[in-house]
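Trainee: I'd like to ask you about the structure that follows.
The values are calculated or read from the model by the stated rules, or taken from the named source; none is laboratory data. Everything quoted here is computed from the prediction, not taken from an experiment. Don't worry about glycine lacking a Cβ; one is built from the backbone with ideal geometry, like all the others, and counts go over all protein chains shown. Side chains included, ligands, DNA and RNA excluded: accessible areas come from the protein's heavy atoms. Shrake-Rupley method; radii C 1.70, N 1.55, O 1.52, S 1.80 Å.
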Amino acid sequence: MNQAIYKSIKTLPPLDDTIIKIQQICSDPNGRMSDLVNIIQKDPMLTANILRSANSPLYGFSREITDVNRAVMLFGIATIRGFALSGAIKKTFSMDLKPYGITNEEFVQIASMQNALIFNWYNKVDSDLLKILAPASFMMEVGKIIIAKELIENDKTPFFQDKLKHINTPTDLSDLEVDMVGISNEDVAAKIFEQWNLETEMIDAIFYSNNPDDAPDYIKPCAIALKIVKNAINTFGKLTDENLQNTLTLLDTYGFEQAAFIEAVKKVKG
């Protein structure tokens, strides 16, 4: 692995106590929504971030969500955990996504849209898998933050951006990242979450999201779902006609009915 990137990952601060407690509740088969609500309510900043995320028009709720208890009831523990982890990412990393040709705001929007699409889609397909997919969809692009830092510090941004003009898929982008810094976004993200002791299922789902056919059987359905969402919404475009056409082909390839996905897309588009 690129040693500078390895050092960046190894020197990351641990997740704060509130996030760790949320992790423990989400990992506990007997974890209760009331316990989660109590922990969140003790952290005013986290409460504000979760309510801001929950009220995004991307999720299609018609009424304003004004308290954490209602947010947890509507979204479920896994998605609320995703909101919390997303906030932890923003707090932990200094972001500059210039090498990818996007602003920090666009990067956050991509992650939010990916999560909203998986939430709206998999609530109709297999809601049990949202315990992995909801947080994973928020987090699967986080490796780009560290890769961008490495490109900027080594004056590789212009060359990377020039190469970027000639590709248009997440898989091609992953190959370019490996060519430029020796490691892909998916691999960096997986190693960050290993450092933070997150569960293997989420790590593997992200790691195999470009090549789900290579994934172990136990996590393959999640890796496939992430690949589909990542093809619909990415740094090259967000639910563009071209992206959606390619994504519908993927749905056919993996045996999904298109109706539930198209309905989820409509919700995210508003």
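Trainee: So Glu242 passes all but one of these: (1) under 21 Å from Glu141 (Cα atoms); (2) open to solvent by less than 10 Å² (accessible area, probe 1.4 Å). Which condition number does it fail?
Mentor: Here Glu242 clears every test but (2).
Trainee: A further question on this structure: Would you say Ile183 is closer than 24 Å to Glu105 by Cα and not in a helix (DSSP H, G or I)?
Mentor: Numbers: closer than 24 Å to Glu105 by Cα: no; not in a helix (DSSP H, G or I): yes.
Criteria not met by Ile183.
Trainee: Would you confirm, using the coordinates I've provided, whether Asn30 is farther than 17 Å from Lys131 by Cα and of a type outside the set (A, V, I, L, M)?
Mentor: When the stated conditions are applied, Asn30 does not pass them.
Trainee: In the range 79-104, what residues are assigned to a loop (DSSP other than H, G, I, E, B) and not acidic (Asp, Glu)?
Mentor: Correct list: Phe93, Ser94, Met95, Leu97, Gly101, Ile102, Thr103.
Trainee: I would also like to ask the following. Can you list residue pairs whose Cβ atoms sit under 7 Å apart, with the first residue in the range 213-228 being touching a residue at least 40 places away in the same chain (Cβ under 8 Å) and the second being open to solvent by 10 Å² or more (accessible area, probe 1.4 Å) and of a type in the set (Val, Ile, Thr)? Count only pairs 6 or more apart in sequence or on different chains.
Mentor: Listed pairs, sorted by first residue: Cys222/Ile132.
Trainee: Among (1) more than 17 Å from the chain's Cα centre (by Cα); (2) exposed (fewer than 15 other Cβ atoms within 10 Å of the Cβ), there is one condition Thr200 misses while meeting the rest; what is its number?
Mentor: All conditions pass for Thr200, except number (1).
Trainee: Right, next: I'm checking my understanding of the structure. Among residues of the range 245-270 that are closer than 16 Å to Ala116 by Cβ and touching a residue at least 40 places away in the same chain (Cβ under 8 Å), which one is surrounded by the fewest Cβ atoms within 10 Å (Cβ to Cβ)?
Mentor: Gly270
Trainee: Does at least one position in the range 84-103 carry a residue that is under 17 Å from Val268 (Cα atoms) and open to solvent by less than 80 Å² (accessible area, probe 1.4 Å)?
Mentor: No: zero hits.
Trainee: Something else: Looking at (1) in a loop (DSSP other than H, G, I, E, B); (2) open to solvent by less than 20 Å² (accessible area, probe 1.4 Å); (3) out of contact with any Lys or Arg (no Cβ under 7 Å at 6 or more places or on another chain), which is the only condition Asn210 fails?
Mentor: (3) is the only condition that Asn210 fails.
Trainee: Next question. Could we say that Ala48 is open to solvent by 40 Å² or more (accessible area, probe 1.4 Å), free of Cβ contacts under 8 Å to residues at least 60 places away in the same chain, in a helix (DSSP H, G or I) and under 24 Å from Gln114 (Cβ atoms) here?
Mentor: It is true that Ala48 is open to solvent by 40 Å² or more (accessible area, probe 1.4 Å), free of Cβ contacts under 8 Å to residues at least 60 places away in the same chain, in a helix (DSSP H, G or I) and under 24 Å from Gln114 (Cβ atoms).
Trainee: Shifting gears a bit: Give me the pairs: first residue in the range 163-186 and basic (Lys, Arg) and at pLDDT 95 or above, second residue assigned to a helix (DSSP H, G or I) and open to solvent by 10 Å² or more (accessible area, probe 1.4 Å), beta-carbon distance under 9 Å, and six or more apart or on different chains, which are they?
Mentor: Lys163/Leu176; Lys163/Asp179; Lys163/Met180
Trainee: Residue under question is Gly76, and the condition is that it be in a helix (DSSP H, G or I) and at positive phi; does it hold?
Mentor: yes
Trainee: Scan the range 7-36 for residues that are without any contact (Cβ under 8 Å) to a residue 60 or more places away in the chain and assigned to a helix (DSSP H, G or I) and report the count. Write out each step before concluding.
Mentor: So in the range 7-36, the residues without any contact (Cβ under 8 Å) to a residue 60 or more places away in the chain come out as 7, 11, 17, 20-21, 24-25, 28-36.
Filter once more, so that each one left must be assigned to a helix (DSSP H, G or I): 7, 17, 20-21, 24-25, 33-36.
Count: 10.
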